[in-house]
1. Of all residues in region 380-404, count the ones that are in a loop (DSSP other than H, G, I, E, B) and surrounded by 20 or more Cβ atoms within 10 Å (Cβ to Cβ).
2. Looking at Ala253, Ala208, can you tell me which residue is of a type in the set (A, V, I, L, M), within 23 Å of the chain's Cα centre (by Cα) and more than 24 Å from Tyr307 (Cβ to Cβ)?
3. Taking Thr278, is it within 14 Å of the ligand (Cβ to nearest atom) and either in contact with a strand residue (DSSP E or B) (Cβ under 9 Å, 6 or more places away or on another chain) or under 23 Å from Asn38 (Cβ atoms) (or both)?
4. Consider region 228-245. How many of its residues are in contact with a Cys (Cβ under 7 Å, 6 or more places away or on another chain) and more than 19 Å from Ile322 (Cα to Cα)?
5. Out of the residues in region 288-312 that are touching a residue at least 12 places away in the same chain (Cβ under 8 Å) and in a strand (DSSP E or B), which is most open to solvent (accessible area, probe 1.4 Å)?
6. Filter the helices (runs of 4 or more DSSP H) completely within region 175-262 down to those with at least 2 residues that are open to solvent by 30 Å² or more (accessible area, probe 1.4 Å) and touching a residue at least 40 places away in the same chain (Cβ under 8 Å).
7. Of the residues Ala39, Ala51, which single one is of a type outside the set (D, E, K, R) and surrounded by fewer than 20 Cβ atoms within 10 Å (Cβ to Cβ)?
Amino acid sequence: MKSIVVVGSQWGDEGKGKVTDYLAQVADVVVRSQGGNNAGHTILFDNQKFALRSIPSGIFNPQIKNVMANGMVINPKQMLEELDGLIARGITNFQLFVSNRAHIVLPYHEALDGAFEQFKGDKKIGTTKRGIGPAYADKANRIGIRIGDFVNPHVFKEVLAETLNIKNMELKMLGLPQFSFAEIYNEYTEYAKRIAPYVCDTSLLLEAELKKGSKVLFEGAQGVMLCLDHGTYPYVTSSSPTGASVPLNCGIAPSYIQDVLGICKAYTTRVGEGPFPTELHNDLADYIREKGHEYGTVTQRPRRVGYLDCVALNYARRISGINHLAIMLFDVLTGIEKLKICYAYELDGQVINTIPATNYDYSRVKPLYIELDGWQEDITKVTTFAELPANAQKYLRTIEELTGVKIALLSIGPDRKQTIQLEELF
Ligand code: IMP
């Protein structure tokens, strides 16, 4: 296959960074198509740990073209901090292309994100407070600022003046401090100068690469269950992290998207609020949280933990066209006596196999489980499926049976080398 979309098949944090980094070793182009610095991709190699937020995971390889596509909302200040952090650690030789149609995140977006969360009280979404929702809202409301306008100081001056006028009225009505045009303009035109050399029409670049047969990896952020349209609304992010969203978010034809690799933890986690049927509140949850280091990369919040939910996984498969699976953090399950996988829900006495549209219903579903025996053997150095303990093999085969999708990659530790490839991908 020539192009592959990597999507999170749960509520984010599935380990997409590791898979993207693994596949990026053979990719020509790596693309981030949506979201912004609400994402946090942790990559470990050669005993070094890198936490990427908005920059694509191919940045470590000088041969790879890294694209930040039009569907993203980019915080210029944070992007430059991230870039400077990489440069300081010796990552100086890279290729980066930023879409002139992507939108920017400005300080008033972050202020509004925090304020809305506060106003909502116990109905809060649990956002990352990075201004993502307000930035996408401005885009839809046609008062967003695009990168192409941002890097032209005259145009930026004009659009910022118009936009800030409206935003300051909004902030005033909400009783929040307003922002000074001069302060934002002076600070951000400096950032714009530094970002300008990377800016281009990435839709043209991607079409040219796809046409000539380059291997293009579309790196997802968040997960299908956090999709604005198909996730557990309103407890979702403000973009669509599905395979279907990639053509729109990158400006390419849908026919270029054929293969979708769903990244799935061997269990389930969620940060932020919203229904989570298989959530555990017991010692097992604490065991998995500590062993799997289940704390947010961006916000450090402890993640909610639960059993693997194959209803949610099947929903993600259907919505996103997942035709290969990568099972992540499999080693975390070692040492657990009995494991459970949710295969269906019960709602009002009926067995259902999909996600109800309303949170009223979704918060009332009861998970139905298959119980499996666990394994005690260390699996972190295993290199083939056949070497895995029989019970570990059974767990994986059960996931394949419940989803009808083959497992192509299996992760048994954080390092790039601790990856077993079961099916050919790129
Ligand atoms: P926002 O994207 O900051 O608006 O947050 C909306 C919801 O998406 C919250 O529940 C966040 O915790 C969640 N979220 C956003 N980005 C990520 C991510 O990269 N991983 C996991 N959850 C995320």
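The values are calculated or read from the model by the stated rules, or taken from the named source; none is laboratory data. Everything numeric in this text was worked out from a predicted model, so none of it was measured. All Cβ positions, even for glycine, are placed from backbone atoms using ideal geometry, and neighbour counts span all protein chains on display. Heads up: the accessible areas ignore ligands, DNA and RNA and are worked out on the full protein's heavy atoms, side chains in. Shrake-Rupley method; radii C 1.70, N 1.55, O 1.52, S 1.80 Å.
1. Applying the first criterion (in a loop (DSSP other than H, G, I, E, B)) to region 380-404 yields 380-384, 388-389, 404.
Going one step further and asking which of them are surrounded by 20 or more Cβ atoms within 10 Å (Cβ to Cβ), we end up with 382, 388.
Residues that pass the stated criteria total 2.
2. Selected residue: Ala253, the only one of Ala253, Ala208 that is of a type in the set (A, V, I, L, M), within 23 Å of the chain's Cα centre (by Cα) and more than 24 Å from Tyr307 (Cβ to Cβ).
3. Details: within 14 Å of the ligand (Cβ to nearest atom): no; either in contact with a strand residue (DSSP E or B) (Cβ under 9 Å, 6 or more places away or on another chain) or under 23 Å from Asn38 (Cβ atoms) (or both): yes.
No; evaluated as a whole, the condition is false for this residue.
4. Total meeting the criteria: 1.
5. Pro302
6. Ranges flagged: 181-195, 202-211.
7. Ala51
Table: residues versus (1) more than 14 Å from the ligand (Cβ to nearest atom); (2) free of Cβ contacts under 8 Å to residues at least 24 places away in the same chain.
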| position | (1), (2) |
| --- | --- |
| Ala24 | yes, no |
| Lys49 | yes, yes |
| Ser57 | no, no |
| Met72 | no, no |
| Glu81 | yes, yes |
| Leu86 | yes, no |
| Phe94 | yes, no |
| Asn100 | yes, no |
| Leu106 | yes, no |
